[in-house]
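Here the structure comes first, spelled out in structure tokens, and everything after it is commentary.
A short reminder: the numbers here are calculations on the coordinates, not readings from a lab. Please read these numbers as outputs of a predicted model, since none were measured by experiment. Please note: Cβ atoms are built from the backbone with ideal geometry, for glycine as well, and neighbour counts cover all protein chains shown.
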């Protein structure tokens, strides 16, 4: 039996700026066993660069189906189980949801530069450079601009964090991607507590501490949930992919691109 038919192969999914890629890896040799891809492009929505959530899932399904077709041509059947699944994506940006899990404003990607005022204020307040693309700059800029959605924010995250959440139900993020949302304390491996307190003082209209609105930070190798039935159908509407596959913490493309 092959590692694919044994269900031991590892599936990696990457959502880049122009392509969504799926890659199946041999866990013993790290050899690439199969690949799939789907091309996509960001577009201007209300003056900001964005991708729709429908495009996210259409692209993921297309890339996965492309990979599954490649496996079928090699193995004679489509895969049903993997040893593990990991998701990575373009970092930074802003995906904000209400308590019902509904998207509050279109996805704001890392390409947007409308956050100058927020980034400059946070850089001064924290004594540490906060780039325009960081998630916290997007959230704070929305607060500074008095955007109506801000009091309704229950959760905001990056693209990899969003996809992982929908696949597993877990609101978590790998520390690499998290470091592009908000400053990380090197000792704790979590968001910097002192800077969180400073930020909360800047946004009194926030529904609570900003820490409660962001994903839980995880290091590589920590449990990050498993694929749910709903998540399996999101990736593979044919019903061939089973639930229960362990998933690693979702990460950003800066880290995964160096592997």
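Quick look at the values:
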{"quantity": "Per-selection Kirkwood Rh - the range 1-102 (Cα, Å, 1 d.p.)", "calculated": "15.0 Å"}
{"quantity": "Max mean-square fluctuation residue, GNM over the chain, Cα-Cα springs under 10 Å, options 76, 59, 231", "calculated": "76"}
{"quantity": "q = 0.15, 0.22, 0.24 Å⁻¹: log10 I(q)/I(0) that the Debye formula gives for the range 74-165, counting C-alpha atoms only", "calculated": "-0.63, -1.09, -1.21"}
{"quantity": "Antiparallel DSSP beta bridges within the chain, as percent of all bridges there, nearest 5", "calculated": "65 percent"}
{"quantity": "Crossing angle, helix 193-202 versus the chain [Cα axis fit, 0-90 degrees, rounded to tens]", "calculated": "50 degrees"}
{"quantity": "0 to 90° range, to nearest 10: angle between helix 135-144 axis and the chain longest Cα axis", "calculated": "40 degrees"}
{"quantity": "The chain: translational diffusion in µm²/s, Stokes-Einstein, Kirkwood Rh over Cα pairs, 10 °C, 1.306 mPa s", "calculated": "84 µm²/s"}
{"quantity": "Sequence of 110, 49 once ranked by neighbouring C-beta atoms within 10 Å, starting from the fewest", "calculated": "49, 110"}
{"quantity": "Alpha carbon centroid spacing (whole Å) that separates the range 183-227 from the range 1-51", "calculated": "27 Å"}
{"quantity": "Separation in nanometres of the label points that stand 7 Å from Cα toward Cβ, at residue 57 and residue 243", "calculated": "1.6 nm"}
{"quantity": "C-alpha long axis of helix 53-75 to longest principal axis of the chain, angle in °", "calculated": "20 degrees"}
